[in-house]
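Take a look at the structure below.
The values are calculated or read from the model by the stated rules, or taken from the named source; none is laboratory data. In this text, all values refer to a predicted model and were calculated from it rather than measured experimentally. FYI the Cβ positions are ideal-geometry reconstructions off the backbone, even for glycines, and counts take in every protein chain you see.
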Amino acid sequence: MKLDRRTFIKGAGAGTAGCALAALPGSIAALGSVTVQGSEESVASSCEMCSTRCPISARVVNGKNVSILGNKNAKSFGGAVCARGGAGHSLLYDKQRIVKPLKRVGERGEGKWAEIEWDEAYSLIAENLNKIKAKHGAESVAFSSKSGSLEGHLFHLAKTFGSPNTFTHASTCPAGYVVAAKAIFGGKIKRDLSNSKYIINFGHNLYEGINMSETRGMMNAQMEKGAKLVVFEPRFSIVADKADEWYAIKPGTDVAVALAMCHTLIADDLYDKDFVARYVEGFDEFAKEVKNYTPEWAEAISDVPAEDIRRITHEYAAAAPHALVDFGHRASFTTEEFEMRRALYAANVLVGNIERKGGLYFGKKASKYNKFAGESVAPTLSKPGVKNLPKIDAKRIDMVDEQYSLLWSSGGVYQSILDATLNAVPYQLHGWVMSRTNPMQTMTDRARIVESMQKLDFVVACDLYITESAAYADVFLPESTYLERDEEIKDKSGKNPAYYVRQRVVDTIGDTKPSWQIWKDVADKLGQGEYFPWDNMQTLQMFQVNKDVKLLDKIKRDGWVSYGKPLMLREPSMVNTFVSEYPNAITPDEDATYASHMSFKTPSGKIELSSSKVEKMAPGRGVIKYREVNMKKADELFFIQGKVAVHTNGATQNVPMLANLMSDNALWIHPITAGLMGISSGDKIRIYNDTGSEEGHALVTPGIRPDTVFAYMGCGSKNKELARATGKGIHCGNLLPHVTSPVTGMNLHTTGVKIAKI
Amino acid sequence: MTKRYVLVHDENKCIGCQACNVACRSENNVPESVTRIQVRIEGPYGNFPNLHFKYNRVSCEQCEDAPCVKVCPTGAAYVNDDGIVSINEKKCVGCLYCIAACPYKVRFINPETRVPDKCDFCKESRLARGEDPACVAVCPTQALAFGDANDLTSEVSQLLDSKNHYQHKVNLGTKPRVYRIPSRKGGIKV
């Protein structure tokens, strides 16, 4: 069944009439009155309104409100919280939040629910999962969770159950830059925005997609230290506004500009030859390939003037090594995502900014840091593990194609759940257990996800609200909010080791549980309790700190504990400070750095600008190369999306305070384009393509290229349970086609659409 | 010496993220339908591609010569030594003169208390505890500075001494205590 907007609105109208929503089963509204009880003293914890998970300090005020501020101990976060973080309490006691387990009593997605007790929920899950396991094998159940939302506990359950099919949201969001970093550097790398003197940014909108320490760091670099910011983005975003130079690049052509920069660095002899000779593998092949990628060539593709590309590259090289090209975050702009992210990394490698102030660097966790210091500066944490887990013989469903192998251990190709469910590729899935993930919004081709969820034998969703995806579950498990949960200690090491922890601030409202408890209880019911030997979160925390009670107390009290001084291995001033601080520290090289200790977990042990490993995985892709892609038909407009500061992707649209700030996403259209179609701001329009059709409103603005339209993602939910978000705005996932990018396994986030006034 | 609390909004640093709006609402229990502060992202102005946004803080200007106080018949709208334009709910008779008189349109009737309401620099709560107003404390990009302009060593004094700034509707003679550092790209050239 394809749920189009019209049939949906009919349904929603019936559902909302007569305040039927007030009685949404399992909601706080159904529970009656709510009192907020908890600590009146500030508790150090971590936010969960987005995936940045900033350190916070929260307390209950007068038994009715929760004050949420940033934790000042975390210096780079500056004690700040964003609008989403500050609105956390609005989620906590939102009358529409679900606080009692539910089971479906109507058709899937029909919105008919009945409250049940936890034990019944667990029995239903155990019965159905065991039935599927007996009939089709454990591997026919997929388990997915947004990364960072206690996903380790759900994936542990998957392992004990016997399924290799675990997925995070990676391939719908950050996998591109992670996979490219694995290929080039052998692992993830960080950016030192706050010390950078020249920042080149390809649509990484840190001033709307707020990541507190990076957002603050970049603003500080710009305003207090005079850093220059150059932004390439098809839309005039806030980061474009704050830039010294903004280029309205043609959507999906970032790779051409990045390659032309690499070309200029090499052709104009601006690159760091010593660095390349010492640390880089595959430079010659790369140099040969980019020889043809001149700025003039890139101009013809991207609309960015060649002379500007050339000038910016020269300015960038002059500021190097304290300069960087931001490798971005959520993508993917085109199916050439892998080449684009690698080209961005290459532009950093060529100027030798690795482990230099204002460049790129690797996280310094305690074990690594202590080794350099020659003493135990920071405590190391133990990882709880369980031995003798049942062996899983089945292959993951995304293991069909070797080219995605870099992603298998980093979240997997999430959307392969759809291929396995609908087309039995590589084998048939029968069940799906999902936690804190909303693929209907964040994946592509919504209709296909509906079809998949309709086809499965059994679906479980654990979340705070009945999200668009949870609306199709058979059993809904209400998780406690982050303000009601304790969690493991997290490693937040940057240039020096740091830890923090999430702690409960308020008593649990209603009948919810933290998901680590939920999955442990499910394991018990499945007869696999022996693999979950811990009693509670305190047991796990105690294990992490090796029973060092004082350390645990300190982390809990301060909420953010960091050790030592910032260290970048090739930065002489930092190494100098480090060595004078720690008398037993490793002796620096002749050039007063730790440059000789820099190592990369790649096959060659070097930075691989060209990679034989990648060539083997994905023939033809060993060397970074430009390929033309076609993302839209000739008579269509580019459709791009982005983040807004008051919402987190598709997750917060129903939170009262945030819904009050923004509940709709108008479509940005350039005045020339709008004029041709007779469209004015506020007009009702239809946006459509081969994938889907949406209705929304126009925002006519010069802040977008004439050949492109834009909408903030996350709006336009279609299930009736999200009363504040449903039917409001354009559902982006309903317009994006199901396409998986080579190597990165990413969903595609740029497509073509047509627009009509209605 | 009396205090002269002022607030400085740096429009270069402001990203319009509404963290201030939400923090204020939480701290001061501001009902959903009204607001004490918001930052309006206005524009973009200019011609493509030479565009800029304006980040307009809309909140009480804490006028030194406040029209709302002048027109109040009962003294419910008043100013103390701290210079903060305040409201004594008990004295209010609900005549709405103050709302009509405010040239900045930032006073409103609180639907719960049914008396006029507006920003008071968190005077009763955070300021009383020696803390900065909520909007200043949470601002992700440190776009706001708050302090006593009579203290020449304060951050606000130094900002006002060293940076170009402007106030809204100075021609009315209201002498606002909210100062704005204009964006390099737009706003009013001082």
Looking only at the range A:207-231, count every residue that is over 25 Å from A:Cys50 (Cα atoms) and more than 10 Å from chain B (Cβ to nearest Cβ) and tell me the total. 6
Tell me, please, whether a residue that is hydroxyl-bearing (Ser, Thr, Tyr), buried (at least 16 other Cβ atoms within 10 Å of the Cβ) and within 14 Å of chain A (Cβ to nearest Cβ) can be found in the range B:123-134. yes
Of A:Ser149, A:Ser144, A:Ser163, A:Ser123, the only residue that is of a type in the set (S, T, N, Q), at pLDDT 95 or above and closer than 26 Å to A:Thr648 by Cα is A:Ser144
Please go through the range A:36-67 and pick out each residue that is modelled with pLDDT of 95 or more and touching a Gly at 6+ places or on another chain (Cβ under 7 Å). A:Ala44, A:Ser45, A:Cys47, A:Met49, A:Arg53, A:Cys54, A:Pro55, A:Ile56, A:Ser57
Among the residues of the range B:28-39, are any part of a strand (DSSP E or B) and either more than 9 Å from chain A (Cβ to nearest Cβ) or at positive phi (or both)? yes
Scan the range A:75-101 for residues that are touching a Lys or Arg at 6+ places or on another chain (Cβ under 8 Å) and more than 13 Å from chain B (Cβ to nearest Cβ) and report the count. 1
Check A:Ala319, A:Ala300, A:Ala306 and return the single one that is touching a helix residue (DSSP H, G or I) at 6+ places or on another chain (Cβ under 8 Å) and modelled with pLDDT of 95 or more. A:Ala306
Determine which member of the set B:Arg4, B:Arg57 is more than 14 Å from chain A (Cβ to nearest Cβ), charged (D, E, K, R) and under 12 Å from B:Cys135 (Cβ atoms). B:Arg57
With the range A:16-130 as the region, which strands (runs of 3 or more DSSP E) entirely inside it contain at least 3 residues that are among the small types (Gly, Ala, Ser) and touching a strand residue (DSSP E or B) at 6+ places or on another chain (Cβ under 9 Å)? A:43-46
Hey, can you tell me all the residues within the range A:45-62 that are over 18 Å from B:Ala23 (Cα atoms) and either surrounded by fewer than 21 Cβ atoms within 10 Å (Cβ to Cβ) or more than 14 Å from chain B (Cβ to nearest Cβ) (or both)? A:Ser51
Of the residues in the range A:335-365, those that are in contact with a helix residue (DSSP H, G or I) (Cβ under 7 Å, 6 or more places away or on another chain) and either assigned to a loop (DSSP other than H, G, I, E, B) or acidic (Asp, Glu) (or both) number 8
Residue in the range A:291-300 that is in contact with a strand residue (DSSP E or B) (Cβ under 9 Å, 6 or more places away or on another chain) and either over 13 Å from A:Asp254 (Cα atoms) or not assigned by TED's automatic domain parsing to the domain that holds A:Gly209 (or both) present: no
Does any residue in the range B:25-42 that is closer than 14 Å to B:Leu144 by Cβ and without any contact (Cβ under 8 Å) to a residue 60 or more places away in the chain come within less than 6 Å, Cβ to Cβ, of a residue that is assigned to a strand (DSSP E or B) and of a type outside the set (A, V, I, L, M) six or more places away or on a different chain, and which pairs are these? B:Val39/B:Tyr55; B:Val39/B:Arg57
Does B:Cys95 satisfy the criteria of being crowded, with 19+ Cβ neighbours inside 10 Å, part of a loop (DSSP other than H, G, I, E, B) and more than 14 Å from chain A (Cβ to nearest Cβ)? no
If you go through the range A:109-129, how many residues are in contact (Cβ under 8 Å) with a residue 12 or more places away in the chain, farther than 30 Å from A:Asn660 by Cα and of a type outside the set (Val, Ile, Thr)? 10
From the list B:Gly75, B:Gly83, exactly one residue is within 18 Å of the chain's Cα centre (by Cα) and in a loop (DSSP other than H, G, I, E, B). Which is it? B:Gly83
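To keep it simple, each residue is scored yes or no on (1) among the small types (Gly, Ala, Ser); (2) within 14 Å of another protein chain (Cβ to nearest Cβ); (3) out of contact with any Ser or Thr (no Cβ under 8 Å at 6 or more places or on another chain).
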| residue | (1), (2), (3) |
| --- | --- |
| A:Ala645 | yes, yes, yes |
| A:Asn649 | no, no, no |
| A:Met662 | no, yes, yes |
| A:Ile669 | no, yes, no |
| A:Ser680 | yes, no, yes |
| A:Tyr688 | no, no, yes |
| A:Ser693 | yes, no, yes |
| A:Leu699 | no, yes, no |
Take the range B:35-69 and flag every residue that is polar (S, T, N, Q) and under 16 Å from A:Tyr247 (Cα atoms). B:Asn47, B:Asn50
Quick check on the range A:63-74: of everything there that is surrounded by 24 or more Cβ atoms within 10 Å (Cβ to Cβ) and either hydrophobic (A, V, I, L, M, F, W, C) or without any contact (Cβ under 8 Å) to a residue 40 or more places away in the chain (or both), which residue is farthest from the other protein chains (Cβ to nearest Cβ)? A:Ala74
For A:Tyr271, work out the one condition from (1) under 17 Å from A:Leu609 (Cα atoms); (2) assigned to a helix (DSSP H, G or I) it doesn't fulfil. (2)
Within the range A:494-510, is even one residue within 23 Å of the chain's Cα centre (by Cα), free of Cβ contacts under 8 Å to residues at least 40 places away in the same chain and more than 22 Å from A:Val561 (Cβ to Cβ)? no
Note on the range A:232-253: residues away from chain B (no Cβ under 14 Å) and either on the phi > 0 side of the Ramachandran plot or in contact with a Gly (Cβ under 7 Å, 6 or more places away or on another chain) (or both) are A:Gly252
Out of B:Ala66, B:Ala19, B:Ala101, B:Ala76, sole residue that is surrounded by 15 or more Cβ atoms within 10 Å (Cβ to Cβ) and either at pLDDT below 95 or within 12 Å of chain A (Cβ to nearest Cβ) (or both): B:Ala19
Check on A:Tyr198, assigned by TED's automatic domain parsing to the domain that holds A:Val351 and in contact with an Asp or Glu (Cβ under 7 Å, 6 or more places away or on another chain): yes
Filtering the range A:214-265 down to residues that are of a type in the set (Lys, Arg) and touching a helix residue (DSSP H, G or I) at 6+ places or on another chain (Cβ under 9 Å) yields A:Arg216, A:Lys225, A:Lys228, A:Lys242, A:Lys250
For the range B:161-179, indicate whether the set of residues that are among the charged types (D, E, K, R), buried (at least 17 other Cβ atoms within 10 Å of the Cβ), away from chain A (no Cβ under 14 Å) and in a strand (DSSP E or B) is non-empty. no
Looking at A:Glu375, A:Glu315, which is the one that is outside any loop (DSSP other than H, G, I, E, B), touching a residue at least 60 places away in the same chain (Cβ under 8 Å), over 20 Å from the mean Cα position of the chain (by Cα) and surrounded by fewer than 24 Cβ atoms within 10 Å (Cβ to Cβ)? A:Glu315
